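**Q** Sharing a structure below in structure tokens format, with a few things to ask.
Since every read-out is calculated from the coordinates, none of them should be taken as a lab result. Every value quoted in this text rests on a predicted model; they were computed, and no experiment measured them. For neighbour counting, all protein chains shown are included, and Cβ atoms are generated from backbone atoms with ideal geometry for every residue, glycine included.
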Amino acid sequence: MARTAVPGRLGARLRWQAAALVERREESATARTLVFEVDGWAGHLAGQHVDVRLTAEDGYSTQRSYSLASAPGGDRVELTVQRVPDGEVSPYLIDDLAVGDLVEIRGPVGGWFVWRPEQPEPVLLVAGGSGVVPLMSMIRVRGMLGSRVPFRLLYSVRDPGDRLYGPELDRGAPGLDTSYVYTRAVPPGGKRPAGRLTEQDLVRWGWPADFEPTCYVCGPTGFVEAAAGALVSLGHDPDRIRTERFGPSGG
Ligand SMILES: Cc1cc2nc3c(=O)[nH]c(=O)nc-3n(C[C@H](O)[C@H](O)[C@H](O)COP(=O)(O)OP(=O)(O)OC[C@H]3O[C@@H](n4cnc5c(N)ncnc54)[C@H](O)[C@@H]3O)c2cc1C
């Protein structure tokens, strides 16, 4: 059978590479950041993800997608994994993968859900749960480059204990505004009662549509559809709304 030629850069992205776990960090009771060393990592753009493949001793293999949390640079990549109860892969990555262990990584993947530092327009980031991961990569690149592009992050979590990157977001950065929507339990001094993200939240903490921001919406499928729908009904141009759904993946 004839083989299809794969161009060089694409070929590199499709190739599985060994990734060694070099550090684990607790982000919440149910989420960990895993730092991997990948020799010859080609680099990535903020917003992209990788595929992670695990192979058991008996040859059984499975893979899942995880967003890159880190700013690009060097041979290290950071992923933040949220435990899915009864999940096959996420509990293993969180509980069992030890420093020094190897997994395989392929990527980076994705060319639409990315923020490029040369984009001049304001940015609205809308996150549901672990959907904040690729948005954090955008925030980190912006900080690393000293960019002054105005960023607003609207981050929906069940309760304060579920927040990822809390201390880093609390430290803030010039021109970055972070607001929280708590769906189950609000901390003392919270600015709204517990409940799901509404159009009013987007009006209060987002950008007006006529500022023509680029909006990045990421999280579980239902959250993404609701938030993107609300942005459209507030007048945002659908072409400026980029979405990433964290539904089940792999196989
Ligand atoms: C592009 C992309 C990027 C992603 N980035 C991240 C990331 O940065 N961090 C992260 O933690 N996850 C991320 N995910 C989700 C991740 O790929 C897995 O789906 C997740 O870790 C669950 O895998 P599992 O093997 O533990 O669960 P599975 O064994 O696959 O599923 C167990 C049960 O949970 C349900 N389920 C599976 N995934 C989810 C989910 N995400 N939310 C709710 N229920 C689910 C399944 O339908 C099933 O009933 C991303 C997904 C995509 C498509």
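**Q** Does the stretch 228-251 hold any residues that are more than 16 Å from the ligand (Cβ to nearest atom), assigned to a helix (DSSP H, G or I) and among the aliphatic types (A, V, I, L, M), and which are they?
**A** Ala230, Leu231, Val232, listed by residue number.
**Q** State whether the residues of the stretch 85-105 include one that is loosely packed, with under 13 Cβ neighbours inside 10 Å, β-branched (Val, Ile, Thr) and over 24 Å from Met144 (Cβ atoms).
**A** Checked against the condition, which is being loosely packed, with under 13 Cβ neighbours inside 10 Å, β-branched (Val, Ile, Thr) and over 24 Å from Met144 (Cβ atoms), the stretch 85-105 yields at least one hit.
**Q** Any residue that is farther than 28 Å from Asp239 by Cα, crowded, with 22+ Cβ neighbours inside 10 Å and more than 10 Å from the ligand (Cβ to nearest atom) - is there at least one of those in the stretch 67-79?
**A** Within the stretch 67-79, one or more residues are farther than 28 Å from Asp239 by Cα, crowded, with 22+ Cβ neighbours inside 10 Å and more than 10 Å from the ligand (Cβ to nearest atom).
**Q** Also, quick follow-up: Check Asp95 against each of (1) part of a loop (DSSP other than H, G, I, E, B); (2) within 16 Å of the ligand (Cβ to nearest atom) and name the one condition it does not meet.
**A** Exception for Asp95: condition (1).
**Q** Regarding Asp201, is this residue surrounded by 13 or more Cβ atoms within 10 Å (Cβ to Cβ), away from the ligand (no atom under 16 Å from the Cβ) and not in a loop (DSSP other than H, G, I, E, B)?
**A** Yes; evaluated as a whole, the condition is true for this residue.
**Q** Turning to a different aspect of this structure: Would you confirm whether or not the stretch 197-206 contains a residue that is more than 17 Å from the chain's Cα centre (by Cα) and β-branched (Val, Ile, Thr)?
**A** Yes, the stretch 197-206 contains at least one residue that is more than 17 Å from the chain's Cα centre (by Cα) and β-branched (Val, Ile, Thr).
**Q** Same structure, new question: Within the stretch 18-36, can you find the residues that are closer than 15 Å to Ser70 by Cβ and surrounded by fewer than 17 Cβ atoms within 10 Å (Cβ to Cβ)?
**A** Val22, Glu23, Arg24, Arg25
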